[in-house]
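One structure below.
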Amino acid sequence: MAKDVSLPGARHDRAGIGAHWPTGAKLFLILSAALLPLALFAVYATLQTTRVAAQEARARLRVASAEASRTLAIELVGDTRALGAALKALARDPNDSPSCARAQGVFAQQAATGARFLIAARDGRVLCGGAFDGMATARRPELTSTPTARLLPGKGLAIDMAAPGGSSYASALFPVDFLHAISRPSGFGQPYAATLTDGDAALSLAELETASPLERRDTIRNDLGIAGLSLEMQARGAPISSPTIVALMLPLMMWAAAASIAWLVVDHLLIRPLRALRQSVATYAPGEEIDARIVRGLPAQEIRELGDTFRAISRTVAIHEAGLAEGLVKQQKLTREVHHRVKNNLQVISSLINFHARGAVSAEAIRAYASIQRRVDALAVVHRNHFAEMEENRGLGLRSVIGELASNIRATAPEGSSIGITIDIDPVLVSQDTAVAVAFLLTEAIELASSVDPAAQLRIAVKPAEDPARAVLRITARALVESDVLREGMTRRYGRVMDGLARQLRAPLHHDPLSGAFEITVAITGRE
């Protein structure tokens, strides 16, 4: 590039313009010319950002409200249809126990949150379910086959209906906590208020406290399509005090710019060298050394000494990192070898059991070998999944563990057995100890059900618990309904083992004799 020989003279001419002005005035004019466009741009950008943020917040609220309304409507419609079907069946035959059992099964999971239902004859005789506070009574002649809703303040939502002809009626109560949990939208992290409305009546599911007197709220209401109910959600909109914030921040921005100009020399001699050294240290990776040329190029002696110190530390760290890396490689090789040998040993044990089972004569011995092999397979499933997740150390996914375990059990079932297993597992992670106990507990429960009914149909579910650190494991089967065969199996063989596994999981094992379900909470380490 060619040099401009007239540049010094030009600089001299420019220096003469305003040479007698006070430095403060010149600094003020320079800062005004530099910062006024910046201030105007900041005001415009803030207004645009506030407008966009308000639109995005309302869009997120609209999506969350639609999701919450759809989920709540599906749950209420499904439960109401099941209740209506049981009501019609019991109106025709008050002794129709299967219809009552199906209704109890539908409300079994909601019962933990306080949900209740009642089917009663016109004379008050209970046909199914149980009485509860807030239920409908036979003295309400306005009940029809069309479901009607009642919002009970502080309690929840009551759904009432009557059988055709009015010979019997039904009532169900859905508590506030249950409605709130069902209607909670996924992925919507900001605070919100939720209200269930029926005309002028309203039931608050979630409260939203007022953060400031000037806050603005967005409201979305969606009809649920059942009994005239609607779900209304509110969330805080974008704040309306943005111009005030900009007006307060503008003098600070001007002061910061003036201070930075005043400290130009300090910035050149101190701040820039320190920033260069900090950048070198920030980009430092273990095993490397800080470049000596960066240290030698620093203008201040004190900063060069500091750079030499960092360089010496980086050299020491590099030596230690090399040793740690070598040890880690050896440890990983040893761990892989141990897991490989354990996997091979489990395969050998399973093969030996299978070999002896083929040579067994009696059916009882064959069943015993198959039972032992299923337990060895359960341990092998947990070990394989643990080895697969070992590199990330996140925990074992219960969905893959239980899915593989169910496949193995169906594959090793005795000839003539038509056992069926349905799984509904949320993507949760558990530790290896918990996975082993869960696998053995499921194996014992399935063995117990198949001993009662070789064609047992089981359902295994894992759902979130009230405690975020735990999940609910539930095994349901008609074969697990209370019976003499079940009690004998629990007393002679399976009860002590399942109780021991429950103690290992540090939670009580509950058995519902009517619905045929075993339920226990297990500790989780996270979600997939």
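The values are calculated or read from the model by the stated rules, or taken from the named source; none is laboratory data. Keep in mind the model is a prediction, meaning the values are calculated, not measured. A quick note on method: Cβ atoms are made from the backbone with ideal geometry, for glycine too, and the neighbour counts reach across all protein chains shown. These area figures cover heavy atoms from the full protein model, side chains too; ligands, DNA and RNA do not enter into them. Shrake-Rupley method; radii C 1.70, N 1.55, O 1.52, S 1.80 Å.
I want to check the label-to-label distance for ALA322 and SER418. Put each point 7 Å from Cα in the C-beta direction and report it in nm to one decimal.
About 7.1 nm, to one decimal.
If you count, for each residue, the other Cβ atoms within 10 Å and average over each peptide, how do 70-83, 122-135, 157-170 line up from highest to lowest?
157-170, 70-83, 122-135
Roughly how many nanometres apart are two label points built 7 Å out from the Cα toward the Cβ at ARG221 and LYS463?
Placing both labels 7 Å beyond Cα along the Cβ direction yields 3.1 nm.
Subtract the Cα-Cα distance of LYS330 and ARG304 from 0.36 nm times their separation in residues, and report this length gain in nm to one decimal.
5.4 nm
Could you work out what % of the accessible surface of region 409-528 is carbon and sulfur, using a 1.4 angstrom probe and leaving DNA, RNA and ligands out of the count?
51
Would you grab the residues whose amide H sits under 5 Å from the one on GLN457? Only those 5+ places off in sequence or on another chain, please, with H modelled 1.01 Å from N.
GLY420, ARG478, ALA479
Report the full-extension gain for the segment ALA202 to ARG125: residue separation times 0.36 nm, less the Cα-Cα distance, to one decimal in nm.
Roughly 24.5 nm would be gained on extension.
How would region 115-224 be classified by its alpha-carbon gyration tensor: rounded, prolate or oblate, with rounded meaning a/c under 1.5 and the a/b versus b/c comparison settling the rest?
prolate
With a ≥ b ≥ c the root eigenvalues of the C-alpha gyration tensor of region 452-499, is it rounded (a/c under 1.5), prolate (a/b larger than b/c) or oblate?
The shape class here is oblate.
So between THR146 and GLN55, what do we pick up on full extension, going 0.36 nm a residue minus the alpha carbon distance?
28.8 nm
So which trypsin sites (Lys or Arg not before Pro) in region 453-525 are both in a DSSP loop and have at most 14 other Cβ atoms within 10 Å of their Cβ?
Answer by residue number: ARG506.
What FRET efficiency do you get for SER97 and SER186 if R0 is 45 Å and r is their Cβ-Cβ distance, rounded to the nearest 0.05?
0.75
Would you mind classifying region 181-225 by shape? Square roots of the alpha carbon gyration tensor eigenvalues, ordered a ≥ b ≥ c; an a/c under 1.5 is rounded, otherwise it is prolate if a/b is larger than b/c and oblate if not.
Judged from the Cα gyration tensor, region 181-225 comes out oblate (a/c at least 1.5, b/c at or above a/b).
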